[in-house]
Amino acid sequence: MHPQEDPDLAAAARFHERWAGRWEPYERHPALEVDPDRLAAAWAEYAKRMEDNYPFFHPRYAGQMLKPPHPVAVAGYLAAMLINPNNHALDGGPATGAMEKEVVAELAAMFRLPSDTLGHLTSSGTIANLEALWVARELHPGRAVAVSEEAHYTHERMCGVLGVETVKVPAGQDGRMDLDALDAELRTGRVATVVLTTGTTGLGAVDQVDQALALRERYGCRLHVDAAYGGFFSLLAGQAAGPLLDDQAAAAFRAVGACDSVVVDPHKHGLQPYGCGAVLFRDPAVGRLYRHDSPYTYFTSEELHLGEISLECSRAGAAAGALWLTLRLFPLQAEEGLGAVLAAGRRAALAWAARLADSEELAVYTEPQLDIVAFWPRSGMGSVAAVDAASAALLRLAMADPDPVYLSTLRVAAERLRRRDPGLAADAPSARILRSVLMKPEHERYVDTLHAEVTRFAREVAARGA
């Protein structure tokens, strides 16, 4: 939340007071009473400890995939949290359960999935991917899952939990999965499910989902799309005038709706607080795999209870309420609403990459496909180890400066760096380069400042000799 904004949190409190006032007053139990002096002391200590955070709200923070939720989402979450509904069953969250079904339908439509798509919110993208991989295992027991070497590590970890073999597929210089290598793995017959990523965590690379569809037709494999980070960029894939996505990325996003399952995280680009993920299944018949009996729930309605199609049991109804309210103000549209938010970050990445390409102090690693920019100081151009040392030095210097800039690093293999610059001596197996996630729309107007500041740090690193 921007510190200067005044979200109508009071409206959430007023709602709860009005709603609770429908029942007769009662006396709260003394065991729940709090001593005012102890509360003041505890709050002071808590506030002090919470100061130990980076300024995720500010455009000077351009490091990891972190930003505060929108004030509308905060107010919506608070209003529901004061009731504390549980969306496992309509018994525990009738209002927010209905809202969850509505937002799931909106997310499915964004991906061009059918109207009868089955899905629900989750506490994270990790859990959402776990569910998709669990369904894949149940449909294809004993067979492997193929993932790109650039895919999030959660897939290999969750396959380990599920007892499923994983097959690593190489990626190209641009971070996209090598589909020829995937074809070779599919020919062996051991792979039944392929995980494609539309927005890798490292570079924001978008796998060629549209071309992978032909491999599914040829081999009968299942296609799962991890769109946890990049999913909302689907909103920009249909732009006709002044398209912001390159042709490959746009085609990939338009093809997601033909895949078997999709994961997206509203707590990343959807303006939501943690944790709010979602998993969507194109074929609603997979709901049969979740079938179970619960003797103490599912009794208030004959309608679908979301716990009947979820591996998680208790889930915060407040997450559904916050997302529902947010999408009323920021609809899933390209030219306005959430699309305009995504477009600003994308323009920021393109603008900074252009400045880096012309820079004497900094070198861009690859053209950004979404809103993540990767680069390194030219003072480290002598060798792979020098790239690593210069990048680490700039990161530390930028964070410690009186006017700090917060970046992150990405470790890349030496051979990839040397494809970018064959003159680099191969004196280390890998190196850290710098990485910046421009996911706040305010970054668009801050590109000149970021570039000037990072250039200043790069000159100082060069002067110090890393």
*What residue, of GLY92, GLY63, is under 30 Å from SER115 (Cβ atoms) and under 30 Å from the mean Cα position of the chain (by Cα)?*
GLY92
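Would region 263-273 turn up any residue that is within 17 Å of GLU100 (Cα to Cα), at pLDDT below 95 and open to solvent by 20 Å² or more (accessible area, probe 1.4 Å)? Full working, then the answer.
If we filter region 263-273 for residues that are within 17 Å of GLU100 (Cα to Cα), which is where we start, we get 263-267, 270-273.
Add one more test, that the residue is at pLDDT below 95, and what stays is none.
Scanning region 263-273 turns up no residue that is within 17 Å of GLU100 (Cα to Cα), at pLDDT below 95 and open to solvent by 20 Å² or more (accessible area, probe 1.4 Å).
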*Mind checking which residues of region 175-208 are under 18 Å from the mean Cα position of the chain (by Cα) and either among the charged types (D, E, K, R) or in a helix (DSSP H, G or I) (or both)?*
ARG176, ASP207
*Conditions (1) surrounded by 21 or more Cβ atoms within 10 Å (Cβ to Cβ); (2) in a loop (DSSP other than H, G, I, E, B); (3) among the hydroxyl-bearing types (Ser, Thr, Tyr): number failed by SER436*: (2)
*asked:* Based on this model, can you work out whether ALA12 counts as assigned to a helix (DSSP H, G or I), open to solvent by less than 100 Å² (accessible area, probe 1.4 Å) and modelled with pLDDT of 95 or more?
replied: no
_Count - residues of region 119-156 that are open to solvent by 40 Å² or more (accessible area, probe 1.4 Å) and in a helix (DSSP H, G or I)_ = 6
_Pull out all pairs, ordered by first then second residue, where Cβ-Cβ is under 7 Å, the residues are six or more apart or on different chains, the first lies in region 162-180 and is under 11 Å from ARG416 (Cβ atoms), and the second is in a strand (DSSP E or B) and of a type outside the set (D, E, K, R)._
ALA171/SER148; ALA171/MET177
*Show the residue pairs that are 6+ apart or on different chains and have beta-carbon atoms under 7 Å apart, the first residue being within region 395-422 and crowded, with 18+ Cβ neighbours inside 10 Å and assigned to a helix (DSSP H, G or I), the second being modelled with pLDDT of 95 or more and among the polar types (S, T, N, Q).*
LEU395/THR409; ALA414/SER430
*In region 302-341, what residues are open to solvent by 60 Å² or more (accessible area, probe 1.4 Å), within 25 Å of MET158 (Cβ to Cβ) and either under 19 Å from the mean Cα position of the chain (by Cα) or modelled with pLDDT of 95 or more (or both)?*
none
_Can you say whether ALA95 is among the small types (Gly, Ala, Ser), out of contact with any helix residue (DSSP H, G or I) (no Cβ under 8 Å at 6 or more places or on another chain) and part of a helix (DSSP H, G or I), as far as the supplied structure shows?_
no
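The values are calculated or read from the model by the stated rules, or taken from the named source; none is laboratory data. Please read these numbers as outputs of a predicted model, since none were measured by experiment. Counting neighbours? That spans all protein chains shown, and the Cβs are built from the backbone with ideal geometry, glycine included. In case anyone asks, the SASA skips ligands and DNA or RNA and just uses the protein heavy atoms, side chains included. Shrake-Rupley method; radii C 1.70, N 1.55, O 1.52, S 1.80 Å.
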